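Peer 1: Starting off with a structure, shown below.
Here, each number is a calculation from the coordinates, and none is a lab measurement. Keep in mind that what you see is a predicted model, and the values were worked out from it rather than measured. Heads up, the Cβs are rebuilt from the backbone with ideal geometry, glycines too, and the neighbour counts pull from every protein chain shown.
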Amino acid sequence: MEMEIYAVVKSKDSYAGNYLVTDGSKDYYLKTPEELGKYDFIEISGEFSDNHIIASSVKNLGNPKIKDVIGKLNLKLNDWNPSIKSKIIEDCRASMENVAKALKFMSIVNPKSTIRFHNDADGISSALSISQIIGGLKIQHNSAIYFNKDAFNDIPALKYDPYSAVVLLDCCTNEESIEALDLLKSADINIIAIDHHPCNPKIREMGIMLNPWLEDPEEDASKYTSGYLCFEVAKLLGHDTSKFVGISLAGDKSKIMEITPKDKERALVFDFVASYSSYGNRLDFYKDLVNDSALYSSILLKANEHIENVSDAISKSTKKEVLGNGLVFITLDIDKVAKKSEFPGRGKITSRALEMENNENAVVIGYNEKSMILRLGHAAFEKGLKANEIVKSLMAEYGPENASGGGHAKAAAFVFSGLPSEYILSQIKKIVSEVK
Ligand SMILES: [Mn+2]
């Protein structure tokens, strides 16, 4: 039968004069006099019979970007059937399917890749899901930002291989990462990201991106954790990674699906281990921890002890004021609670303070002389307050040389210099008071 397809050369040494190529769902033996290289992307016309092609013409298209090949190959996905039926997830369908196709392409062609996952339970859950689909180096990324130093670490490792990719999980789609991502892009390295932090629309141009904030910045898009998004992507490829979703939701305090007590435990253990990040955790270590070993129980015990200890300290160090609009403004001198380089860190402590207050109207600010951490109860968010917007407006006022930060609608943080924390607290209080 005479046909035309696009394909990628998998190997050139199958047997004399032939190539093994794939169209994304099927392998073929290709007979052609053309000289082709491994990984070449080709357009073939020829006579097809079962898994053999005798080419009448082969056009070599080189090694384009992954985003340009996935639409042309025959990459089949499972039927669209997300576990959460909501408008924003429906709106994410195209980008979810694109990311799934890109990962499928990578699982077939196996280019060199580096997965960078955020150093918390959500980031780890995401990586555990995605590592069922693709191989490659896995690095715990101890920041929300992709820095130039990260780019210059990844570029030499990946630049010389066709279709090589950096896969960013639960981090690095923010405005601050754009410059370094642009370096990767200039080095012709593919960028694939699955994230749920507020992002800059410009991030779309950087690569193959899945982030609910790109679809609807007004919705509480952060609640669709990266671990949940990775689970949906894996599902499109026939992998069941549901056991990691609850861990991700527990870690990021999202209630979109059921969380079991075991999920909460595992999230706590992951967060505890991830916070001691200086020794560079590897994903395999987290994978082993999931199997209830003696080490797991020991870590869980210690993590719980740490949480209990800070809970005592939190109740002694918070100041509370009920505002005219019903919101409860709570400040926490965080250095009285946090121990340097110990779990839980300042962000987790501020989250814990909100949890302990157990009031949907609460707005908690954990502060010291260099940083502010904001946590909002759901009712405060419903009234129109957004932690990331507060941070953004203050940063704009103080200027980039004095303040930098970001975050989600209900959780954000920034660092500052040259301004007294009392002054900043009073400004935040004013913004919170003005909500109707
Ligand atoms: Mn997350």
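Peer 1: Using Cα-Cα distances under 8 Å and only pairs 6 or more residues apart, what relative contact order does region 316-433 have, in percent?
Peer 2: 21
Peer 1: Another question about this same structure. Send over the semi-axes of region 383-436's equivalent ellipsoid, whole angstrom and largest first, taken as the square roots of 5 times the C-alpha gyration tensor eigenvalues.
Peer 2: Taking √(5λ) for each eigenvalue gives 18, 13, 8 Å, largest first.
Peer 1: Rg/Rh for region 21-100 to two decimals, with Rh computed the Kirkwood way over all alpha-carbon pairs. Please list the in-between numbers first.
Peer 2: Numbers: Rg = 16.6 Å, Rh = 14.9 Å.
Rounded to two decimals, Rg/Rh equals 1.11.
Peer 1: A 21 angstrom limit on the alpha carbon distance is what I want to check against. Which of 253/339; 264/287; 87/262; 243/340; 223/336; 104/262 exceed it?
Peer 2: Where the Cα-Cα span goes over 21 Å, the pairs concerned are 253/339; 87/262; 243/340; 223/336; 104/262.
Peer 1: Next question. Tell me which lysines have Cα within less than 19 Å of residue 392's Cα, excluding those fewer than 8 residues away on the same chain?
Peer 2: Candidates past the 8-residue exclusion: 202, 370, 383, 410, 429, 430.
Peer 1: Report, in deg cm²/dmol and to the nearest 500, the calculated mean residue ellipticity at 222 nm for the chain, where each DSSP H run with n ≥ 4 adds -39500 (n - 2.57) and the sum is divided by the residue count.
Peer 2: On the way: 16 runs with 168 residues, N = 436.
It comes out at -11500 deg cm²/dmol, rounded to the nearest 500.
Peer 1: What are the semi-axes of the equivalent ellipsoid of region 87-291, taken as the square roots of 5 times the eigenvalues of the Cα gyration tensor, listed largest first and rounded to whole Å?
Peer 2: Details: eigenvalues 111, 75, 54 Å².
Ellipsoid half-lengths, sorted descending, are 24, 19, 16 Å.
Peer 1: Share of Cα-Cα pairs in the chain beyond 35 Å, in percent?
Peer 2: Cα-Cα pairs in the chain separated by more than 35 Å: 35 percent.
Peer 1: Evaluate the Debye formula for region 194-336 with equal point scatterers sitting on the alpha carbons, no solvent, and hand back log10 of I(q)/I(0) at q = 0.11, 0.17 Å⁻¹, in q order, two decimals.
Peer 2: -0.60, -1.17
Peer 1: Going by Cα centres, region 101-120 and region 198-217 are how many Å apart?
Peer 2: What the calculation gives is 18 Å, centre to centre.
Peer 1: Find out how many positive minus negative residues lie around residue 375, taking Lys and Arg as positive, Asp and Glu as negative, among other residues whose Cβ is under 13 Å from that of residue 375.
Peer 2: Details: positive: 253, 346, 348, 352, 386, 410; negative: 252, 355, 357, 360.
So the surrounding residues net to +2.
Peer 1: Looking only at Cβ-Cβ distances, which cysteines of the chain have no other cysteine closer than 4.7 Å?
Peer 2: By the Cβ distance rule, which asks for a partner under 4.7 Å, the isolated cysteines are 92, 199, 230.
Peer 1: How far is helix 421-433 tilted off the main Cα axis of the chain, in degrees rounded to 10, range 0 to 90?
Peer 2: 80
Peer 1: I've got another one for you. If you put +1 on each Lys and Arg Cβ and -1 on each Asp and Glu Cβ, how big is the dipole of the chain around its Cα centre, in Debye rounded to 20?
Peer 2: 700
Peer 1: Taking the alpha-carbon set of region 344-419, what are its Rg and Dmax in Å?
Peer 2: In Å, with Rg to one decimal and Dmax whole: 12.2, 36.
Peer 1: Among 368, 74, 291, which one moves the most in a GNM of the chain with springs linking Cα atoms closer than 10 Å?
Peer 2: Sorting by GNM fluctuation, first place goes to 291.
Peer 1: Could you give the angle, 0 to 90 degrees to the nearest 10, between helix 93-109's Cα long axis and the longest principal axis of the Cα atoms of the chain?
Peer 2: Computed tilt is about 50 degrees.
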